[in-house]
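Comments concern the structure below.
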Amino acid sequence: MTKKTVLITGGSRGIGAATARLAPARGYRVLVNFVSNEKAASAVVEDIRAAGGEASAIAADTADESAVLGLFETAEREAGRIDALVNSAGITGPFGRLDEIGTADIRRVLDVNLLGTILCCREAVKRMSTKHGGQGGAIVNLSSVAGREGAAGELTPYGASKGGVSTFTLGLAREVAAEGIRVNAILPGLIDTDMNRAAPERLARLTPTIPARRTGTAEECAEAILWLLSDQASYVTGAVLPVTGGR
């Protein structure tokens, strides 16, 4: 049976890396996108290969249109076809009130989290859509509970970018549903990743507010992502699935 190929942006760390490591067991060849941390991306690729899977790493800043075009061209050269896309690349930006954050930081958060997701989805649709001669496919975007709650006083630009990802997911899902493409998102809550460990006092403050009384893991998010990509979710599109412990 021919393996499917999944391209995972931001695949060198956090939820993206966990998804990359789990994907081969679900029948995928994995393309791990990264921006600058080649060492981390190489470690993910090596782990996959050591377990008998197929993987390679591709450097590209998904906030840059020309880099996105190059990413998809390289992916096609290496794999022939992209069957699935996971948009995991994301940054929080600086913590603080909006009136303390500079324009450059705000723009970078929006460019990476929202524009990058949109650009990668656009290129995936051009290749997957039956309208363009493709064979269909599945896309999963990473939103955040911050996009639902707003992250007041801490990460409002981040919350805005992730709220945009959720809305964009719904719109694109409806746009390409008749063209063989399913588009969904997960809505991670407080997940134990390097990004959240960078603010230990925040983790300590928020964990007791979660109904499950614990943080989630990157692997739990990866399981949700791979289910949404799978044939078991064949009638699921336009969903934004909370992975929040009840938050």
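The values are calculated or read from the model by the stated rules, or taken from the named source; none is laboratory data. Keep in mind that what you see is a predicted model, and the values were worked out from it rather than measured. Cβ coordinates were reconstructed from backbone atoms using ideal geometry, including for glycine residues, and neighbour counts include every protein chain displayed.
Inside the range 163-214, can you point out the residues that are closer than 30 Å to LYS131 by Cβ and of a type in the set (D, E, K, R)?
Those that are closer than 30 Å to LYS131 by Cβ and of a type in the set (D, E, K, R): ARG174, GLU175, GLU179, ARG182.
With the checklist (1) more than 16 Å from LEU241 (Cβ to Cβ); (2) at pLDDT 95 or above in hand, flag the one item LEU142 doesn't pass.
Just one mismatch for LEU142, condition (1).
Which of the residues spanning the range 195-247 are farther than 22 Å from GLY137 by Cβ, at pLDDT 95 or above and assigned to a helix (DSSP H, G or I)?
ALA218, GLU219, GLU220
Please work out if ALA178 is closer than 24 Å to ARG108 by Cβ and either assigned to a loop (DSSP other than H, G, I, E, B) or of a type in the set (A, V, I, L, M, F, W, C) (or both).
Here the answer is no, as ALA178 does not meet what is asked.
Quick one: is THR237 more than 25 Å from THR167 (Cβ to Cβ) and in contact (Cβ under 8 Å) with a residue 24 or more places away in the chain?
It is false that THR237 is more than 25 Å from THR167 (Cβ to Cβ) and in contact (Cβ under 8 Å) with a residue 24 or more places away in the chain.
When you scan the range 194-217, how many residues do you find that are loosely packed, with under 15 Cβ neighbours inside 10 Å and farther than 28 Å from ALA40 by Cα?
6
Can you find, within the range 218-244, the residue that is surrounded by the most Cβ atoms within 10 Å (Cβ to Cβ) among those that are of a type in the set (Asp, Glu) and farther than 18 Å from ARG197 by Cβ?
GLU223
Being part of a helix (DSSP H, G or I), modelled with pLDDT of 95 or more, out of contact with any strand residue (DSSP E or B) (no Cβ under 6 Å at 6 or more places or on another chain) and under 24 Å from ALA20 (Cβ atoms) is true for just one of ARG122, ARG107. Which residue is that?
After ruling out the rest, the residue left standing is ARG122.
Checking PRO94 against (1) over 19 Å from the mean Cα position of the chain (by Cα); (2) touching a residue at least 12 places away in the same chain (Cβ under 8 Å), which single condition isn't satisfied?
PRO94 satisfies every listed condition except (2).
Does GLU154 satisfy the criteria of being acidic (Asp, Glu), in contact with a Phe, Trp or Tyr (Cβ under 6 Å, 6 or more places away or on another chain), modelled with pLDDT under 95 and over 28 Å from VAL125 (Cα atoms)?
Considered against the rule, which asks whether it is acidic (Asp, Glu), in contact with a Phe, Trp or Tyr (Cβ under 6 Å, 6 or more places away or on another chain), modelled with pLDDT under 95 and over 28 Å from VAL125 (Cα atoms), GLU154 comes out as yes.
Of ALA173, ALA178, which residue is modelled with pLDDT of 95 or more, touching a helix residue (DSSP H, G or I) at 6+ places or on another chain (Cβ under 9 Å) and not acidic (Asp, Glu)?
Just one listed residue meets the conditions, ALA178.
Take the range 165-191 and flag every residue that is without any contact (Cβ under 8 Å) to a residue 12 or more places away in the chain and of a type in the set (Gly, Ala, Ser).
GLY171, ALA178
Within the range 77-95, take every residue that is aliphatic (A, V, I, L, M) and in a loop (DSSP other than H, G, I, E, B) and give me the one that is nearest to ALA222 (Cα to Cα).
ALA89
I'd like to know if the range 135-149 contains one or more residues that are more than 24 Å from ALA218 (Cα to Cα), in contact (Cβ under 8 Å) with a residue 24 or more places away in the chain and surrounded by fewer than 21 Cβ atoms within 10 Å (Cβ to Cβ).
Among the residues of the range 135-149, at least one is more than 24 Å from ALA218 (Cα to Cα), in contact (Cβ under 8 Å) with a residue 24 or more places away in the chain and surrounded by fewer than 21 Cβ atoms within 10 Å (Cβ to Cβ), which makes the answer yes.
Kindly provide the set of residues from the range 1-39 that are without any contact (Cβ under 8 Å) to a residue 40 or more places away in the chain and either of a type outside the set (A, V, I, L, M) or surrounded by fewer than 18 Cβ atoms within 10 Å (Cβ to Cβ) (or both), ordered by number.
Scanning the range 1-39 gives MET1, THR2, PRO24, ALA25, GLY27, PHE34, SER36, ASN37, GLU38, LYS39.
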